[in-house]
Amino acid sequence: MPLITNLDVILAKRKMTLTELSDRINITMANLSILKKGKARAIRFTTLDAICKELNCQPGDILEYKKEENTNTD
Amino acid sequence: MKLTFIHVVDWLLKIIWFFQMIFAAVLIFSAVAIMADVSWMDIEKIKGFNISFTEINLGDVQMHDNQTHAVTLTNGSGRVHISGMDSRIVGFKIIGAFMELLVWMYVIYLLRRIFAKLKVGDYFIRSNGTTLRKIAISIIGISLFLNTFHYFISTYIYKHFSIEGVILKRTIELDTRTFLFGIMLFVIAQIFIKGAEIKEEQDLTI
């Protein structure tokens with residue numbers, strides 16, 4: 001998927017760990033880990049709202065769209 | 001260990017699997033014995049084959065009124081034994097039985113795979129749906145192709161078999177019940193797969 005998450009970058013900037021964020025916004029570590037690894041299929045507005053509120057950032061700081069390069073040589 | 005319904009069915013499947021193995025071994029053993037033309041095996045006994053007939057004319061039969069009447073047997077089936085008949089017929093029969101057995105063994109194998117997943121608590125997963133779909137396709141295949149195969153075998157047999165006054169029936173009979181069961185299972189499998197996909201999506205929604 002061309003959407004990537006920069007949660008780890010924002011967390012590093014805020015000097016916060018994933019566990020800490022998990023405790024503060026009441027979302028399980030397992031779910032945050034899925035989001036951090038970019039394996040999530042969808043993200044709820046409420047989750048995004050909680051993360052942005054806690055990390056004091058915009059949704060665009062967490063999510064980024066990167067166009068996939070076409071590797072097909074045909 | 002707590003004995004649940006799943007464990008009971010799993011054991012039943014194991015027993016069926018065991019008997020299928022025995023049946024397969026018997027079929028292979030019989031085929032080898034026929035090919036080797038062994039003296040201790042009475043091949044004539046297994047040369048009997050099922051036929052369906054439209055009409056068997058029994059001729060004039062004397063009835064209770066001491067008069068003779070023309071008697072005809074219509075629309076039935078039975079097993080015919082003819083001594084000294086071509087051994088290839090037995091060969092065809094064994095091939096047919098072996099093919100059918102292989103497909104049913106595959107179905108039981110797939111069912112056992114599903115039950116292995118159920119035993120460890122993996123109920124609503126995509127692979128269970130795809131296995132269920134494979135079972136449905138196999139059952140549809142059994143209902144369609146095995147009957148066609150049996151039709152061709154009977155065509156071969158009927159070519160070499162003619163008795164005066166007997167009209168044999170030779171039609172491809174679709175096993176409607178099995179076919180519809182297969183279709184139903186296929187639809188259920190497709191719904192299951194879609195459901196498992198939705199669940200997967202839900203699990204990965206943060």
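Side notes on the structure shown:
- P(r) tail fraction, the protein assembly as shown - alpha-carbon pairs more than 29 Å apart, %: 63 percent
- Residues of region B:118-149 with amide N under 17 Å of a point placed 7 Å along Cα→Cβ from A:T28: B:121-125
- Whether chain B is rounded, prolate or oblate, judged on the alpha carbon gyration tensor where a/c under 1.5 counts as rounded: prolate
- Part-to-part distance (alpha-carbon centres) for region B:54-118 and region B:131-173, which is given in Å: 10 Å
- Dividing the mean sequence gap of close Cα pairs (under 8 Å, 6+ apart) by how many residues chain B holds gives a relative contact order of 24 percent.
- Summing Cβ point charges (Lys, Arg +1; Asp, Glu -1) relative to the Cα centre of chain A gives a dipole of roughly 200 debye.
- Under 5 Å from the amide H of B:E55 lie the amide H atoms of B:N75, B:I167, each residue being 5 or more positions distant or on a separate chain, with H modelled from the backbone and absent for Pro and chain starts.
- Other-chain or far-sequence residues with amide H under 5 Å of A:L63's (modelled H): A:N6
- Note on region A:3-72: percent of Cα-Cα distances in each 5 Å bin, starting at 0 and stopping at the bin with the largest distance, equals 3, 15, 29, 29, 12, 5, 4, 2, 1.
- Expressed per residue, the C-alpha convex hull volume of region B:86-178 stands at 99 Å³.
- Ignoring lysines fewer than eight residues from B:K14 along the same chain, the ones with Cα atoms less than 28 angstrom from its Cα are B:K2, B:K93, B:K117, B:K119, B:K134.
- Rounded tilt (10° steps) of A:45-55 against the dominant C-alpha axis of chain A: 70 degrees
- Peptide A:24-33 has a mean shielding of 1, counted as Cβ atoms of other protein chains within 10 Å of each residue's Cβ.
- Under the combined filter of DSSP loop state and at most 16 neighbouring Cβ atoms within 10 Å, region A:1-69 retains these GluC sites (Glu not before Pro): A:E68, A:E69.
- Summing both sides, the accessible surface hidden between B and A at a 1.4 Å probe radius is close to 800 Å².
The values are calculated or read from the model by the stated rules, or taken from the named source; none is laboratory data. A quick note: this is a predicted structure, and the numbers were derived from the prediction, not measured. Every residue, glycine among them, receives a Cβ derived from its backbone with ideal geometry; neighbour counts consider all protein chains shown. Heavy atoms of the whole protein, side chains included, go into the accessibility calculation; ligands, DNA and RNA do not. Shrake-Rupley method; radii C 1.70, N 1.55, O 1.52, S 1.80 Å.
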